[in-house]
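Notes to accompany the following structure.
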Amino acid sequence: MNDPRAPQPAVRLRPPHNRVERRAILWWTLQSLAFSGPLLIGAIVGYVVWEDARPWLLAAVIGAAILALVGVVVEPGWRYAVHRWEATDEAVYALTGWLVREWRVAPVSRIQTVDAVRGPVEQALGLSTLRVTTASSKGAIDIGGLDKDVAAAVAERLTTAAQLTTGDAT
Amino acid sequence: MSTEPPGHEDGAGAVAAGDAPWQRLHSRMIWVDAVQTLLSLVPAGVALWVVGFEQGIGSLWPVVAIAVFGVLGAVSDSLRWIFTRYRVTDEYVELRSGVFVRRYRSIRRDRIRSVDAEAKLRHRLSGLRVLKIGAGQQSAAGESALSLDAVVKQDAERLRRALLRGPDRPVADDLDEADGAAGDAAAQEREHEHVFARLRPEWVIFNMFNVWAYVMALGLLWGAYWVTTMFGLDVGGFVEGLLDWEALGWGWTIAIGALVVGIVGVVGLALNFFTEYWNFELARVPGEKGTLLRTRRGLFKTREVNRDENRMRGIQISEPLLWRWMGMADTNVVTTGLSVWSMAQPTTILPRGPIGVARPVAAAVLDVPASPLDVPLRRHPRAALRRRLWWATLCSAIVTAVLGWLAVTDVVAPAALWAGVALWPVALGCAAVAYRALGHAIAGDYLVVRSGLVSRATTALQRPAVSTIVLRQSLLQQRLGLKTVSAMTAAGYGGYDAPDVAADEAIGFAADAAPGLLEPFLVRPDDPLEHGPETPVR
């Protein structure tokens, strides 16, 4: 039942086989800019306009600058090094994140929907996000930075595979 | 049918299947409404008789409001009775209602998932029941169920049995048979019941002490003040005369006030517990497909909930931190289709009570040899404690730094700094408590996880119900050699975590939590092909 597995040699989880597209680095950079850019500009404008609050706003400017720098210089490259994905006939497996890494595995038999989602920036770069949901509200798997044709093909393959299994997949 | 509602043209037995006649709700409703009209006029009458007319309408508006609401409610209820018809055919339960806007609703009988009988005080006194017929998930959460308000108790029981038996048999048969052998069928059903728990009066201890005591007391006291003032009593003067408040001073006055309010609240909560959980019973009963887990409770307002056991995925017992010394526990089922957030708490199968009762009942409900909630859990490594201590220290440091900065800029007094400093040992204590709560195990078909600071929740979840496995590792966790394993499922909260499992143990636990799912992605050290060239991504 509750076998002590300490004496056994530890099993490892291998990373998924496929990397995401190199263009994803640019996509993540633009995302970071879209988030921290307005923040930084807002803080600087406030610092210039509102003299009384300068000691406070200086902290905000420095904070926003660090956020923008890390988001543009560090995060995209780090993410590219980490992100991997794999979709077999049995399961969808993704590794994402940078400061916090996350391995997500969902069996194809439990898949409820498969979508290839494309935001405006992704469309411009020819990228696509594969979104796989299961009956669990917390069980969705998002794989960003895929080539749009690859994502569409995988989505189609998974949809076909998921239709083969019966039951309501809860 | 023995209790034939008036307006019903034909005997149910003579009806050909398919065009069953439309029936009215029970006529006793009209009498109940008439009595309600009279009763709601009583306070106004008494007040007028006692106080007389000279005070004018100003101080009497509450009793006038009671009278108006009571009469209007009764009249609209009678109108509803006049315009409502229902019928049960072989395939559908149909309901027509509405005075100005006519509504037609129907539920296919093979879609019916639950038939629950409820009763408010007026229904109970008059032997009527509100029958709620639910199909699918939304209705199970208490919304949009088709409700027959009200039918006579025996009819409700008969309809419930007929509807839950499934659509294979014509309803006329069921009703006929129930007509002759209602007693037999009920006795037979009782024989197949398995009762897990009934109300024990000592459980009231667990439900008396609560922050809500104060809210309840203030409500009660305000109501009492309002009623006595209406009848011209000087409550303020009476309270002033009780003690020499000036001699006692502010401190004692507040202390005595808080004590009195607290006592009133505690007594109020105790009474409330008994009215809510009177005749409480948790039982397994046979249902249309498989068994149902049924709870019944209530003194004035009765409530019955039937949960389909095919949809049950596990059980959760949570123990709140402040009351853990007295072994207080809440017991909930982990099931699909019932909302965890619903006010009616349909997933709660036991009132708040002692852990010594919760565990055996949970074990009996799960009905597996060696209850997964009783197995010894694996402790998590000391590194998990260190992670919590680091976070506790960091949070206290940030609070202290902010307070220090505010003190330097003269926003708060320098003494506030001590609050930040005092926070540190408290936070460290919380970290230790949170660490001690951690545990995980695999027990038969179940995976068991335990965590939580304010409320330590132990969850046993069926392994086949896990739909996604998630492993998570932050930079700090990586340094400490830890991983968080989450099992996502369609039931309950949607996901259950085992935080900070030792990194090398986490993979094994995750692989066991969802049998076979991780198998294609595992690398075993003794496997010569896989070992070697491939290294994990850092």
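Read the figures in this text as sums done on the coordinates, not as results from a lab. Just so we're clear, the structure is a prediction, and the values are computed from it rather than from any experiment. With ideal geometry, Cβ positions are generated from the backbone for all residues, glycine too; neighbour counts draw on all protein chains shown.
Summary table
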| read-out | value |
| --- | --- |
| Between the range B:401-417 and the range A:57-126, the Cα center-to-center distance that results, in Å | 40 |
| Largest to smallest principal axis extent of the C-alpha atoms in the range A:59-108, angstrom | 51, 17, 11 |
| Karplus (6.51, -1.76, 1.60) ³J(HN,Hα), θ = phi - 60°, over the range B:495-506, in Hz, Gly and Pro reported as x | x, 10, 9, 10, x, 6, 7, 3, 3, 6, 7, 4 |
| Cα-based Rg / Dmax (Å) for the range B:382-521 | 19.1, 62 |
| Net charge dipole size for chain A [Lys, Arg +1 and Asp, Glu -1 on Cβ; Debye, nearest 20] | 380 |
| Most to least packed among A:91-97, A:156-162, B:385-391 [average Cβ atoms within 10 Å] | A:91-97, B:385-391, A:156-162 |
| For B:THR335, residues with placed amide H under 5 Å, excluding near neighbours | B:ARG313, B:GLY492 |
| Sum of side-chain charges, B:LEU131 neighbourhood, beta-carbon under 9 Å (Lys, Arg +1; Asp, Glu -1) | -1 |
| Average partner coverage of B:467-480, which counts Cβ from other chains inside 10 Å | 6 |
| Inter-probe distance in nm under a simple model that places probes 7 Å from Cα toward Cβ, at B:LYS120 and B:GLU193 | 2.6 |
| Estimated inter-spin distance, A:VAL70 and B:ARG200, nm [label 7 Å along Cα→Cβ] | 5.3 |
| Residue-wise HN-Hα coupling along the range A:44-56, computed from phi with Karplus coefficients 6.51, -1.76, 1.60 (Hz; x: Gly, Pro) | 5, 4, x, 5, 6, 6, 9, 5, 4, 9, 4, x, 6 |
| Label-point gap, in nm, between B:VAL412 and A:LEU58 - each point 7 angstrom along Cα→Cβ | 2.3 |
| P(r) histogram, all alpha-carbon pairs of chain A included - 10 Å bins from 0, percent | 9, 28, 26, 19, 12, 5, 1 |
| Under 20 Å from the Cα of B:LYS132 - lysines, other chains or at least 8 residues apart | B:LYS120, B:LYS153, B:LYS289, B:LYS301 |
| Cα pair count fraction exceeding 47 Å, expressed as % - the protein assembly as shown | 39 |
| Rounded to whole Å, sorted largest first: equivalent-ellipsoid semi-axes of the range B:351-448, Cα gyration tensor | 43, 16, 9 |
| Alpha-carbon centroid distance for the pair the range B:194-260 / the range B:509-524, whole angstrom | 58 |
| Tensor-based shape of the range B:259-322 (alpha-carbon gyration tensor, a/c under 1.5 rounded, otherwise prolate or oblate) | oblate |
| Peptides ranked, highest mean first, by Cβ atoms within 10 Å: ranges B:61-71, B:122-132 | B:122-132, B:61-71 |
| Peptide A:11-22, shielding by other chains (average Cβ, 10 Å cutoff) | 5 |
| Net charge of neighbours whose Cβ lies under 14 Å from the Cβ of A:ASP142, counting Lys and Arg as +1 and Asp and Glu as -1 | +3 |
| Cβ neighbours within 10 Å from other chains - mean over B:442-453 | 1 |
| Karplus-derived 3J(HN,Hα), 6.51/-1.76/1.60, for each residue of the range A:129-139, Hz, glycine and proline x | 10, 8, 10, 10, 10, 10, 5, 7, 5, 10, x |
| Candidate lysines - alpha carbon under 29 Å from A:LYS148, same-chain residues fewer than 8 apart omitted | A:LYS138 |
| Amide hydrogen neighbours beyond the local backbone of B:THR89, cut-off 5 Å, H modeled | B:GLU94 |
| Prolate/oblate/rounded call for the range A:84-164, Cα gyration tensor, a/c under 1.5 rounded | oblate |
| Percent RCO, i.e. relative contact order, over the range B:379-538, from Cα pairs under 8 Å lying at least 6 residues apart | 18 |
| Prolate/oblate/rounded label for the range B:202-277 (Cα gyration tensor, a/c 1.5) | oblate |
